[in-house]
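Input: a single structure, listed below in structure tokens.
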Amino acid sequence: MGKTLTEKIITEHLVDGALAPGTEIGIRIDHTLTQDATGTMAWLEFEALDIPRVRSERAVSYVDHNMLQSDFRNADDHRYLQTTAARYGAIFSRPGNGICHQVQLERFSVPGKTLLGSDSHTPNAGGLGVLAIGSGGLDVAVAMGGGLFYTAMPTVLGVRLSGALEPWVTAKDVILELLRRLTVKGGVGRIIEYFGPGVATLTVDQRATICNMGAELGATSSIFPSDEQTRRYLIAQGREADWLPLTADPDAAYAQVIDVDLSMLGPLVARPSMPDRVVPVEEVAGLPVAQVCLGSCVNSSFEDLVTVATLLKGKQIHPTVSMTVTPGSQQVYSMIAENGALGDLIAAGARILESACGPCLGMGQAPATGVASIRSFNRNFKGRSGTADDAVYLASPETCAAAALSGQITDPRDFGTPPRVSQPVRYPSPNSLLVFPPDSEDAAHVDVIRGPNIKPVPTGEPLGDQIEGRVLLKVDDDITTDHIMPAGAQILPLRSNIPAIAEYVFRRVDPDFVERAKRWGGGIIVGGSNYGQGSSREHAALAPMYLGVEVVLVKSFSRIHRSNLINTGILPLVFDEAADYDSLAQGDTLRLRGVREAVEAGRPIVVENVSKSVSYACTPRFSQREREILLAGGLLAYTRERTV
Ligand code: MIC
Ligand code: SF4
């Protein structure tokens, strides 16, 4: 039987385990990516591992999330990251060079390689045939140190693409269609592999858009074959030598196949406040919007921006709309400056932002009270924009541009013939904001500079045998890490300081959470299904651990957050019976006995609800390695034990 492309790349990188879905595999990581918001922790963790130099083939450290520099803390983080990159052998992408995923695609992604990134949208590089996975910073730190990346072997979901996109229908609509069909839980435990005759009709930028938002499906990764389109892109990027053809075998066996006929799709919109609340644009057309934001790692390519600029050329955006445009990288920025598209955007009334994440994670441009915002972004979780009661719609750049012109959500097909954008034959490769590391001899003399806001990584305690605590909070399904540990302009400067950032845990869900956690001396969090979806930020585990959270008990977890909890030394438990969730309430006292032994033996842990006199069985489903990490008190302690 033939192999899927995913299986081929995993086989080539497999060091531990076998390709049996659900069982743990350990794979070699070729390339790593960190960004500033998760990167300071990742690099502090790398330092804590005491490894003299990065051992992965290539490590790139980006600054793209927090660029506000509203005080010294942010600038100190940037300096710490620049000096750690030089000291330990990573390429440093300076502030202004662009959003990590866009730059990684343009400059550093190589088909057939594995990439691990401390950001959930790392699978963006799947558009170029990379097996790219997002994870917590500590997993990336271990990979930078030459360690394997461990995960449960996913099943491979094949998406067979046929036909070609109709005018005004875009790659964003393809992934929104999958979100409509599969929901934000639909990709959990899966890698999504695209194949079929429709693949050849999509450019690398379009493929990256589709792979990027596989993160919103909860997928471990998403990947496209490497073909002539890939080759053309790499030639234009001046990297032809990086190309190699890669595809699944014709008789590859996918666990499941979904058919998407590209020609049958229309423009789609995700309604507030979940990326899977997808409807055809017609259903929301006419809704007034006060803000239009174009950009973010999913839709800030040259192709995206030039299309919008062509649409806006010679026109004015609606007088009640504020429109922002973020070029994804310095490469994109310089190209639109050179070909005149930037001038067209400015003349139409767009506000041009620097190449960074910006409004996507609430770093400025929070919308006004009670108004709708439409964005070409990938996430619209409640409050993420910086406005607590926001109403953020997600759509393609074309649909966003149509709304900017008319002041309301509009079917872009009303605008007649769409602009045609041809693929560049040559992209510039600006190096002015990239710093390549010195050789190891010179690197040894580089001083790592830490600002006063950069605090050591807190470490977990070895797992206790008896755990008793009160339910600090009970939350519903699909709780995101933005709910647990919000981002935004006020909180992001604290990413290097767990004691300080811990003050904001669950701030938007329950402002009293932190005070309660302190008063009750820590406790237990109870959640529904898909708990911890969304971002990879390990702060959503580290900060609760710092507040004394010992157990998170839910119906099901998202992949990255579950790993982050284990890495931090918090026990992630799943109810054997989902209905048990119903009888629990905030404030109940829970008692777990013989925890160490049960985890060691994989025997059910009985969670006794002392307040209600009922018990719940939770069978720990951990790999041997995960058990050992938990028993040691987290991945840092576990790794140190093994390297001493
Ligand atoms: C996001 O899109 O939520 C982020 C901000 O990029 C996060 C990383 C972070 O929290 O720093 C992600 O996607 O992993
Ligand atoms: Fe940045 Fe937004 Fe992409 Fe996250 S989703 S990496 S915040 S642009």
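For every residue, the table says whether it meets (1) crowded, with 21+ Cβ neighbours inside 10 Å; (2) at pLDDT below 95; (3) within 16 Å of ligand 2 (Cβ to nearest atom).
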position	(1), (2), (3)
468	no, no, no
471	yes, no, no
475	no, no, no
483	yes, no, yes
487	yes, no, yes
501	yes, no, no
504	yes, no, no
511	no, no, no
516	no, no, no
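Give me the strands (runs of 3 or more DSSP E) completely within the range 242-327, filtered to those with at least 1 residues that are small (Gly, Ala, Ser), ordered by residue number.
Per the criteria, 268-270, 322-325.
Report yes if residue 548 is away from ligand 1 (no atom under 16 Å from the Cβ), in contact with a Lys or Arg (Cβ under 7 Å, 6 or more places away or on another chain) and modelled with pLDDT of 95 or more, otherwise no.
no
State which residue is nearest to residue 493 (Cα to Cα) when the search covers only the range 359-376 and only residues that are more than 17 Å from the chain's Cα centre (by Cα) and either in a loop (DSSP other than H, G, I, E, B) or of a type in the set (Asp, Glu) (or both).
The extreme case among them is 364.
Is the range 391-402 home to any residue that is away from ligand 1 (no atom under 16 Å from the Cβ) and more than 27 Å from the chain's Cα centre (by Cα)? Let's see the steps before the verdict.
So the first thing to find is which residues in the range 391-402 are away from ligand 1 (no atom under 16 Å from the Cβ), and the list is 391, 393, 395-402.
With more than 27 Å from the chain's Cα centre (by Cα) added as a condition, the list becomes 402.
The answer is yes, given that some residue of the range 391-402 is away from ligand 1 (no atom under 16 Å from the Cβ) and more than 27 Å from the chain's Cα centre (by Cα).
Show me the strands (runs of 3 or more DSSP E) entirely contained within the range 537-644 in which 3 or more residues are surrounded by fewer than 22 Cβ atoms within 10 Å (Cβ to Cβ) and more than 31 Å from the chain's Cα centre (by Cα).
Here the list reads 605-609, 614-618.
I'm checking my understanding of the structure. Among residues of the range 187-204 that are crowded, with 22+ Cβ neighbours inside 10 Å and over 21 Å from residue 278 (Cβ atoms), which one is nearest to ligand 1 (Cβ to nearest atom)?
Within the range 187-204, the match that is nearest to ligand 1 (Cβ to nearest atom) is 191.
When the residues of the range 293-316 are narrowed to those that are within 29 Å of the chain's Cα centre (by Cα) and either away from ligand 2 (no atom under 16 Å from the Cβ) or among the charged types (D, E, K, R) (or both), which ends up nearest to residue 167 (Cα to Cα)? Explain how you work it out, then say what you get.
The initial filter retains those residues of the range 293-316 that are within 29 Å of the chain's Cα centre (by Cα), namely 293-309.
Checking which are either away from ligand 2 (no atom under 16 Å from the Cβ) or among the charged types (D, E, K, R) (or both) leaves us with 302-304, 306-309.
Details: 302: 18, 303: 15, 304: 14, 306: 16, 307: 12, 308: 14, 309: 17 Å.
The residue in question is 307.
For the condition touching a helix residue (DSSP H, G or I) at 6+ places or on another chain (Cβ under 7 Å), under 28 Å from residue 129 (Cβ atoms) and among the β-branched types (Val, Ile, Thr), what is the one hit in 38, 6?
After ruling out the rest, the residue left standing is 38.
Just one of the numbered conditions (1) of a type outside the set (Lys, Arg); (2) modelled with pLDDT under 95; (3) under 21 Å from residue 139 (Cα atoms) is not true of residue 45; which one?
Against the list (1) of a type outside the set (Lys, Arg); (2) modelled with pLDDT under 95; (3) under 21 Å from residue 139 (Cα atoms), residue 45 comes up short only on (2).
Is at least one residue of the range 166-177 touching a Ser or Thr at 6+ places or on another chain (Cβ under 6 Å) and either within 15 Å of ligand 2 (Cβ to nearest atom) or under 24 Å from residue 542 (Cβ atoms) (or both)?
Yes, the conditions are met somewhere in the range 166-177.
Just give me the residues in the range 97-133 being among the β-branched types (Val, Ile, Thr) and under 17 Å from residue 239 (Cα atoms), in sequence order.
103, 110, 130
Take the residues in the range 328-351 that are outside any helix (DSSP H, G or I) and surrounded by fewer than 19 Cβ atoms within 10 Å (Cβ to Cβ), then tell me which one is nearest to ligand 2 (Cβ to nearest atom).
Restricting to residues being outside any helix (DSSP H, G or I) and surrounded by fewer than 19 Cβ atoms within 10 Å (Cβ to Cβ), the top hit is 351.
Here is a check on your reading of the model: is residue 537 farther than 21 Å from residue 572 by Cβ, within 12 Å of ligand 1 (Cβ to nearest atom) and modelled with pLDDT of 95 or more?
Here the answer is no, as residue 537 does not meet what is asked.
Within the range 93-115, is even one residue among the acidic types (Asp, Glu) and touching a His at 6+ places or on another chain (Cβ under 8 Å)?
no
Going through 201, 209, 170 one at a time, which residue ends up being under 18 Å from the mean Cα position of the chain (by Cα) and under 30 Å from residue 241 (Cα atoms)?
Details: 201 fails: under 18 Å from the mean Cα position of the chain (by Cα); 170 fails: under 18 Å from the mean Cα position of the chain (by Cα).
Of the residues listed, the single one that is under 18 Å from the mean Cα position of the chain (by Cα) and under 30 Å from residue 241 (Cα atoms) is 209.
Of all residues being more than 16 Å from ligand 2 (Cβ to nearest atom) and among the polar types (S, T, N, Q) in the range 368-395, which is surrounded by the fewest Cβ atoms within 10 Å (Cβ to Cβ)? Just the residue, please.
369
Does residue 191 fit the bill of being touching a residue at least 40 places away in the same chain (Cβ under 8 Å), aliphatic (A, V, I, L, M) and in contact with a Pro (Cβ under 6 Å, 6 or more places away or on another chain)?
Answer is yes for this residue.
Among the listed residues 89, 98, 2, 17, which satisfies the condition of being in contact with a Pro (Cβ under 8 Å, 6 or more places away or on another chain), surrounded by fewer than 24 Cβ atoms within 10 Å (Cβ to Cβ), among the small types (Gly, Ala, Ser) and at positive phi?
The unique qualifying residue is 89.
Which one of 40, 32 is under 23 Å from residue 439 (Cβ atoms), crowded, with 17+ Cβ neighbours inside 10 Å and of a type in the set (S, T, N, Q)?
Going through 40, 32 in turn, the sole match is 32.
Determine whether the range 369-380 contains at least one residue that is under 17 Å from residue 486 (Cβ atoms) and of a type in the set (A, V, I, L, M).
no
Tally time: how many residues in the range 30-82 are farther than 22 Å from residue 361 by Cβ and β-branched (Val, Ile, Thr)?
So the count comes out to 2.
Any chance you could count how many residues in the range 427-446 are under 18 Å from residue 334 (Cβ atoms) and part of a helix (DSSP H, G or I)?
Total satisfying the criteria: 0.
The values are calculated or read from the model by the stated rules, or taken from the named source; none is laboratory data. Quick caveat: nothing in here was measured; it's all calculated off a predicted structure. For neighbour counting, all protein chains shown are included, and Cβ atoms are generated from backbone atoms with ideal geometry for every residue, glycine included.
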